[in-house]
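Just so you know, all these numbers are worked out from the coordinates, no wet-lab data involved. Predicted model, so just to flag it, every value in this text is computed and none were measured. Heads up, the Cβs are rebuilt from the backbone with ideal geometry, glycines too, and the neighbour counts pull from every protein chain shown.
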Amino acid sequence: MNWRSERIWIELRAGSRKISNFCWAFILFLGSLGFLLVGISSYFGTNFIFLFSPQQIIFFPQGIVMSFYGIAGLFISSYLWCTILWNVGSGYDRFDIKEGIVCIFRWGFPGKNRRIFLRFLIKDIQSIRIELKEGIYTRRVLYLEIRGQGAIPLTRTDENLTPREIEQKAAELAYFLRVPIEVF
């Protein structure tokens, strides 16, 4: 949900709570749990998974490797679940013509820098920059070029906007802020 008036433009940013992240975290959890159960089954010689008999896999070296993959997968899965829980990357962009201020807010990982809050004057904005890279790894990103600060990304690299959509978004934002557009 985005909100826009003549003087204020607020654009909400989605974080890591996406369906694809839920799917990957769930699949990775189940797969790594299966690997770990196979490794534990081969160690104890009991049948925790009913797809095979525990005598088919010897604990050393196959059972150890399966257990290692299972534990590693559970760590990666827990990392994904934590990013989903904390909604890392979510936030908003607020462009206020009346006050002459741009505020960019994002949630990060817990800790001292959990809240990422950037504030700039609109007069310090040099341009809106579009980065278009086509090919196998397509990349279409919209940046805010700040004098003395560099470029700040406004869109995610995995948003999959079409070139027309990103150009339209850049044109609307550049018109709203009264700054030029650069294409790279």
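Inspect all residues belonging to segment 42-63 and state whether any of them is closer than 21 Å to TYR92 by Cβ and part of a helix (DSSP H, G or I).
Looking through segment 42-63, none of the residues is closer than 21 Å to TYR92 by Cβ and part of a helix (DSSP H, G or I).
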message: Quick test of your reading of the structure: LEU177 fulfils all but one of (1) within 21 Å of the chain's Cα centre (by Cα); (2) of a type outside the set (Gly, Ala, Ser); (3) within 17 Å of ILE10 (Cβ to Cβ). Name the failing condition by number.
response: (1)
